[in-house]
1. Do we have ALA210 as crowded, with 18+ Cβ neighbours inside 10 Å, hydrophobic (A, V, I, L, M, F, W, C) and over 30 Å from ALA157 (Cα atoms) here?
2. Among the numbered criteria (1) more than 22 Å from ILE102 (Cβ to Cβ); (2) at pLDDT 85 or above; (3) of a type outside the set (S, T, N, Q), which one does LEU42 miss?
3. What number of residues within the range 67-96 satisfy the criterion of being more than 25 Å from ALA182 (Cβ to Cβ), open to solvent by 60 Å² or more (accessible area, probe 1.4 Å) and charged (D, E, K, R)?
4. Being outside any helix (DSSP H, G or I) and open to solvent by 40 Å² or more (accessible area, probe 1.4 Å) is the filter here, so list the residues in the range 147-161 that pass it.
5. Can you pull out every residue in the range 156-173 that is within 24 Å of THR249 (Cβ to Cβ) and in contact with a Cys (Cβ under 9 Å, 6 or more places away or on another chain)?
6. Consider ASP151 carefully, then state whether it is touching a His at 6+ places or on another chain (Cβ under 6 Å), modelled with pLDDT of 90 or more and not basic (Lys, Arg).
7. Which residue is farthest from VAL128 (Cα to Cα), if the candidates are limited to the range 162-203 and must be of a type in the set (D, E, K, R) and open to solvent by 40 Å² or more (accessible area, probe 1.4 Å)?
Amino acid sequence: MITTAAILVAVLGGVFGLVLATASKKFAVEEDPRIGEITNLLPGANCGGCGYAGCGALADAIVSGKEKDATRCVVANPDAKKAIAAVMGVETDDNADAVRIIPRLHCNGCTANRTPVADREGIHNCYVKAATAGGPGQCNFGCFGDGACVDACNFGALKIGKNGLPEFDYNKCVGCGACSKACPQLLIEMLPANEKVLVQCNNREKGKAAMTNCKVSCISCGMCVRNCPQKCITLEDTPNGSIPVIDYTKCDGCGICVQKCPRKCLVDIVPVEGSPDAPKKAEPTGCACCAMADQCPSAQAQKQA
């Protein structure tokens, strides 16, 4: 009986296998070969900067017409973008002189500016802290320093510095925006690399509470708004408080807001030149170039390094 059952199972398996093999050939959907070509031209980083799940998904979207921009990948170099456009038979409008987009950090709550309330033990995870007790200092709107942004970067362009804040290597950064999406505090904004002024704070408390939290926290005084000759700064009201927001389409980088800010939370930043393909000498970021650098031991240590 066992032998008969075994034979029956084998026969049925063979029949079903033959049926499935025939059906797979008859109902197979041929993949457009351009999908493979474009996938091979894409960098393979699967960073998600294009808004799709990965390079293969972007290639499929381009070929199917779901994605109208054949040069949608922010990581691909100009030659790769031209090749992708050629595969699709379209002209590329990619401008080699276009200003690159890079991440900037809206926080200067380094170890020198934000006094730790305790020597925190337990899980060091940005998402856990955002959902529970907050960060190492008294400001719960600032950077936790546990590197969710670093973990999200596939290009080695980020690290947590000695000052407890993320440091960007713009010679490696491709502007994919993964770090910005990963930050639970929404502290990293993708901005044009040629901008000269930054609101380096995200604190939403006002007056004395804000001053207690950090040496360079915004107190929503509005001095920057009142003194901006271009009228490009507004105080954005949120359920948690107010914070200055710069309209960079109007800002000319005059720096008057930086001079007038009593808390030094608006700072001059160095425009970034070069790219991963043509790197320039790295400039200091974060604490090393803030308005309080002369008083900040972490900044001095960075300069001497």
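1. Judged against the criteria, ALA210 is a match.
2. (1)
3. 5
4. Initially, the range 147-161 is screened for residues outside any helix (DSSP H, G or I), giving 147, 153-161.
Listed by number, the residues that qualify are ASN154, PHE155, GLY156, LYS159, ILE160.
5. Looking only at the range 156-173, we keep the residues that are within 24 Å of THR249 (Cβ to Cβ), and these are 168, 170, 173.
Answer for the range 156-173, where residues must be within 24 Å of THR249 (Cβ to Cβ) and in contact with a Cys (Cβ under 9 Å, 6 or more places away or on another chain): PHE168, CYS173.
6. The answer is no for ASP151.
7. In this case the residue turns out to be LYS196.
The values are calculated or read from the model by the stated rules, or taken from the named source; none is laboratory data. Predicted model, so just to flag it, every value in this text is computed and none were measured. Every residue, glycine among them, receives a Cβ derived from its backbone with ideal geometry; neighbour counts consider all protein chains shown. Areas reflect the complete protein model, heavy atoms only, side chains present, ligands, DNA and RNA absent. Shrake-Rupley method; radii C 1.70, N 1.55, O 1.52, S 1.80 Å.
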